[in-house]
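Structure, as structure tokens:
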Protein chains: 2
Amino acid sequence: MTAAIIDGAAVARASRARTAGRAAAFRARHGVAPGLATVLVGDDPASEVYVRNKRRAATEAGIADFHRHLDARSAPDDLAGVIADLGADHRVSGILLQLPVPQHLDGPALVDLIPPDKDVDGLTTLSQGLLARGLPGLRPCTPSGVIELLDSADVGLAGAHVVVVGRSELVGKPMAQLLLGRDATVTIAHSRTRNLEAVTREADILVVAAGRPALITARHVKPGAAVIDVGIHRTSHGLAGDVAFDEVSAVAGYLTPVPGGVGPMTIAALLSNTVSAAEIRAAATESTDRRSPHHVL
Amino acid sequence: MTAAIIDGAAVARASRARTAGRAAAFRARHGVAPGLATVLVGDDPASEVYVRNKRRAATEAGIADFHRHLDARSAPDDLAGVIADLGADHRVSGILLQLPVPQHLDGPALVDLIPPDKDVDGLTTLSQGLLARGLPGLRPCTPSGVIELLDSADVGLAGAHVVVVGRSELVGKPMAQLLLGRDATVTIAHSRTRNLEAVTREADILVVAAGRPALITARHVKPGAAVIDVGIHRTSHGLAGDVAFDEVSAVAGYLTPVPGGVGPMTIAALLSNTVSAAEIRAAATESTDRRSPHHVL
């Protein structure tokens with residue numbers, strides 16, 4: 001079998017076009033575009049590239065760009081002040097704090113300063129709780145993008161056995177929650193899993209977010225399985241993922257490439273979340289008297 | 001093989017004795033006992049029994065009893081008012097809203113009115129988010145009790161493959177999070193799982209919270225596995241769980257009975273959470289200037 005390659009760039013392009021349409025409709029209705037605030041602390045080159053790409057994509061989708069760049073030696077209170085300002089700014093629909101932040105800052109605590117209704121990365125404690133409870137909320141971008149990729153290839157989720165390799169707060173754990181919400185049977189494997197190969201070979205769908213180059217080889221994959229590679233590594237042969245692409249493509253039924261697979265979907269999901277946040281806030285403002293304790297979203 | 005029966009009543013007794021010791025130490029130091037507020041709406045007989053048992057166990061452990069019983073036709077605002085009063089009452093360390101509430105009330109929204117630092121059931125959105133992020137917080141009682149049972153029998157969790165059957169907000173999903181935190185490989189199966197038998201037979205440890213009597217039979221269980229039965233059903237032969245006890249006891253390595261297994265542990269975990277909540281609040285009051293955005297717990 002030779003795997004069908006899922007073209008993340010094409011799926012992301014279509015998703016961004018839909019988001020641009022929603023952003024235009026929002027501006028037509030409310031007279032102001034949805035806005036995305038990106039907050040970058042320090043000058044890590046990779047983070048600078050990521051933030052630049054997100055800002056460019058937002059602008060292309062008709063989302064207003066609000067960027068703040070703070071010095072690497074900024075105090076926690078400086079950053080808290082910036083986030084508070086953006087939280088109070090009604091032009092800002094979503095706030096993204098680029099991670100990682102410099103070591104002297106407490107990333108998870110700073111993320112929690114983002115108001116939940118502007119949490120377009122879906123990483124605050126409240127957003128993760130809403131996801132765990134199956135309540136409405138903004139969902140983390142990379143896992144959302146993976147779901148969209150699987151849907152684009154018509155890979156059925158309900159009843160399928162999905163193995164997620166990796167248990168990070170950004171990908172593995174929210175990925176499992178989203179898949180459960182789609183009625184998949186979900187296994188979470190990780191660095192402490194015994195006999196990883198036996199576990200992953202049970203998967204109808206294998207989502208790999210382990211952060212280890214070429215961890216998943218042909219013998220980890222059940223013939224015909226759909227394999228989604230969330231990893232990205234700079235190697236001597238260029239960018240590569242957590243999956244040994246060439247050999248796995250001979251076994252899997254579907255496979256995402258690196259680059260051009262999950263990566264573009266993460267940005268697409270961020271843009272979609274930003275417009276969703278704008279829409280939800282506008283709807284909430286229009287019906288404040290129907291607010292419940294779950295009015296946050 | 002004949003399974004070793006894990007005696008939940010005995011483990012719970014030991015846990016409650018430890019909690020009573022902590023409650024006494026708390027009272028000696030702070031001059032006031034930890035307090036548990038139970039809130040019951042309506043007169044469902046089963047709920048009345050559960051609440052009575054919790055109050056009695058709390059009193060026996062030296063925890064002060066604050067009980068509120070509301071009429072079945074209470075308005076949401078009545079209940080919100082009671083929870084707000086208890087939230088402001090410094091004698092109340094923990095608040096438990098007995099579920100389910102009558103149909104005209106929104107249970108999940110009402111649970112979220114409980115201040116996170118008094119959420120001794122661990123069911124608020126913020127508590128579930130803290131659990132998902134691996135941050136300190138109060139954990140749901142039944143899953144905590146299951147972990148304590150496994151620890152009591154020295155069943156190793158790190159690297160073990162645990163299959164959780166059931167994906168409820170109260171048990172299955174937080175159970176998976178706690179197990180991941182203990183380095184288990186975790187599979188969540190549920191009513192939509194295809195070939196449940198094949199999935200559960202992979203388990204070194206099988207936690208069953210499906211709410212279906214005798215769902216798990218001998219052929220669902222790998223010889224020697226540890227089987228934890230969270231179900232409880234009233235049958236013509238008395239109380240029974242989700243596991244067909246007699247036949248599974250011939251296959252499993254460890255097995256919890258119903259009654260006398262997980263049930264007593266849930267109350268023990270509630271009492272432990274109540275004293276923990278009191279201790280954490282006292283510590284936070286003593287060091288208010290060290291507060292971070294995660295000061296809630």
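Values as computed for the structure displayed
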quantity	calculated
Wholly within the range A:107-192, helices (runs of 4 or more DSSP H) carrying at least 3 residues that are buried (at least 24 other Cβ atoms within 10 Å of the Cβ)	A:125-133, A:141-152, A:172-181
Those residues of the range A:167-195 which are closer than 24 Å to A:P264 by Cα, more than 7 Å from chain B (Cβ to nearest Cβ) and out of contact with any strand residue (DSSP E or B) (no Cβ under 7 Å at 6 or more places or on another chain), in sequence order	A:S168, A:L170, A:V171, A:P174, A:Q177, A:L178, A:G181, A:R182
Hey, A:G253 in contact (Cβ under 8 Å) with a residue 40 or more places away in the chain, at positive phi and in the same structural domain as A:V165 (by TED's automatic domain parsing) or not	no
Qualifying residue in the range B:63-76 (condition: touching a residue at least 60 places away in the same chain (Cβ under 8 Å), touching a Gly at 6+ places or on another chain (Cβ under 6 Å) and more than 11 Å from chain A (Cβ to nearest Cβ))	no
Complete set of residues in the range A:264-297 that are touching a Gly at 6+ places or on another chain (Cβ under 7 Å) and at pLDDT 95 or above	A:P264, A:M265, A:T266, A:A268, A:A269, A:N273, A:T274, A:A277
Answer from B:G129, B:G134, B:G159 - the residue that is facing another protein chain (nearest Cβ under 9 Å) and either closer than 20 Å to B:Y254 by Cα or among the aromatic types (F, W, Y) (or both)	B:G159
Residue within the range B:236-249 that is out of contact with any strand residue (DSSP E or B) (no Cβ under 7 Å at 6 or more places or on another chain), farther than 25 Å from B:A153 by Cβ, surrounded by fewer than 16 Cβ atoms within 10 Å (Cβ to Cβ) and modelled with pLDDT under 95 present	yes
Meets criteria (in contact (Cβ under 8 Å) with a residue 60 or more places away in the chain and under 16 Å from B:K118 (Cα atoms)) for B:T19	no
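Residues are listed down the side, and each one gets a yes or a no for (1) out of contact with any helix residue (DSSP H, G or I) (no Cβ under 7 Å at 6 or more places or on another chain); (2) more than 11 Å from every other protein chain (Cβ to nearest Cβ); (3) acidic (D, E):
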position	(1), (2), (3)
B:V208	yes, yes, no
B:A214	yes, yes, no
B:R219	no, yes, no
B:G224	yes, yes, no
B:D229	no, yes, yes
B:I232	no, yes, no
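The values are calculated or read from the model by the stated rules, or taken from the named source; none is laboratory data. Bear in mind the structure is a predicted one, so any value in this text is a computation, not a measurement. Here Cβ is always computed from backbone atoms with ideal geometry, including for glycine, and neighbour counts include all displayed protein chains.
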